[in-house]
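See structure below.
A short reminder: the numbers here are calculations on the coordinates, not readings from a lab. No experiment lies behind these values; they were computed from the predicted model shown. When we count neighbours, we look across all protein chains shown, and the Cβ atoms used for this are built from the backbone with ideal geometry, even at glycine.
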Amino acid sequence: MADVLLRDIGKSFGALEVLRHIDLDIRHGEFVVFVGPSGCGKSTLLRMIAGLEDITAGDLLIDGEICNDIAPRDRGIAMVFQSYALYPHMTVYENVGFALKMAGTPKSEADAKIRDAARILQMEELLERKPAQLSGGQRQRVAIGRAIVRHPKVFLFDEPLSNLDAALRVDMRMEIARLHQELDATMIYVTHDQVEAMTLADKIVVLEKGEIMQVGPPLELYRRPANLFVAGFIGSPK
Ligand code: ADP
Ligand code: MG
């Protein structure tokens, strides 16, 4: 089980209100994609779900429990960032296992988890390399591997593919869709790429200036956009 419920969530940085009345039910196993232009509040919302940013209004519930004040590591959530944030001096094996080491996981258990993540991501042959010896796509795989080893209930992705070139983006998109099938986890994914949103999402959430414009399955948004903003964003392929 990993339901994530957002109940009238708001966020202000001082006098600047960046999110308003965010109400959303995300059900176990759903793949939910947030789309919207730069600055509309996508990253801030993900960071609030992860616990990296305070919630200034409303409630976040994970599996029925209010999590506003729960520490990030206790939420059962792992986040994958656009900038892979790998440790350059560590091997892939060490990067993937770092969180386990910090948590005091016994070596043999950590080893099994690292090798399992490497198998899932088909990167067993990369384990002894350093990040500098990897391509952009391989680095992003390592970043995803670091999330997988923690066996999170919920994966958060913040524009994970936007640093990759177009061909790789398509490959990684399919890879992430496959992971969703294989891992049976809830996935919350942020992008400003409408093709990514249309192909990955069970449910798309369109954000504009900190507010939800529309929520629905990709085809519904495409066929029945609630307003001109959604029509412009989802309806017209670039
Ligand atoms: P997006 O990810 O959709 O591009 P963000 O969530 O990064 O948007 O930002 C939403 C708004 O919040 C922007 O106006 C941004 O400048 C502002 N913002 C984000 N983080 C902070 C912060 N730590 N302090 C002040 N303003 C911030
Ligand atoms: Mg962002």
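How far, in degrees from 0 to 90, does helix 107-120 lean away from the longest principal axis of the Cα atoms of the chain, to the nearest 10?
Between the helix axis and the principal axis of the chain, the angle is about 60 degrees.
Given the Cα-Cα distance of Asp165 and Lys209 and 0.36 nm per residue of separation, how much length would full extension add, in nm? Don't skip to the end; give the middle numbers.
On the way: separation 44, 0.36 × 44 = 15.84 nm, distance 2.81 nm.
Length gained between Asp165 and Lys209: 13.0 nm.
If you put +1 on each Lys and Arg Cβ and -1 on each Asp and Glu Cβ, how big is the dipole of the chain around its Cα centre, in Debye rounded to 20?
Working: 28 positive and 33 negative charges, 106 e Å.
Approximately 500 debye in magnitude.
Counting helices only, and only those DSSP H runs with n ≥ 4, report the 222 nm mean residue ellipticity of the chain as the sum of -39,500 (n - 2.57) divided by its residues, in deg cm²/dmol to the nearest 500.
Numbers: 7 runs with 78 residues, N = 238.
Computed ellipticity for the chain at 222 nm equals -10000 deg cm²/dmol.
May I ask for the angle, rounded to the nearest 10°, between helix 136-148 and the longest principal axis of the chain, with both axes built from Cα atoms and the value confined to 0 to 90°?
90 degrees
Considering only region 137-221, what is the antiparallel percent among its DSSP beta bridges, to the nearest 5? Don't jump to the answer; show the numbers that get you there.
Values: 5 of 10 bridges.
Percentage antiparallel, nearest 5: 50.
Quick one: which of Lys113/Lys153; Lys153/Lys203; Lys11/Lys153 span more than 22 angstrom between C-alpha atoms? Provide the component values of the computation, followed by the final result.
Numbers: Lys113/Lys153 16 Å; Lys153/Lys203 18 Å; Lys11/Lys153 24 Å.
Exceeds cut-off: Lys11/Lys153.
Ranked highest first by the average count of other Cβ atoms within 10 Å around their residues, in what order do 221-230, 94-103, 203-212, 62-71 fall? Before the final figure, lay out the partial values.
Values: 221-230: 15.7, 94-103: 17.7, 203-212: 20.5, 62-71: 13.3.
Per-residue mean Cβ counts within 10 Å order the peptides as 203-212, 94-103, 221-230, 62-71.
Under a point spin-label approximation (7 Å from Cα along Cα-to-Cβ), what is the Met90-Leu16 distance to one decimal in nm?
3.2 nm
Out of all Cα-Cα pairs in the chain, roughly what percent, to the nearest whole number, are more than 21 Å apart? Each step should come with its number before you reach the end.
On the way: 16063 of 28203 pairs.
Tail fraction, whole percent: 57.
In a Gaussian network model over the chain where Cα atoms closer than 10 Å are linked, find which of Ser108, Ser135, Ser162 has the largest mean-square fluctuation.
Of the options given, Ser108 has the highest mean-square fluctuation.
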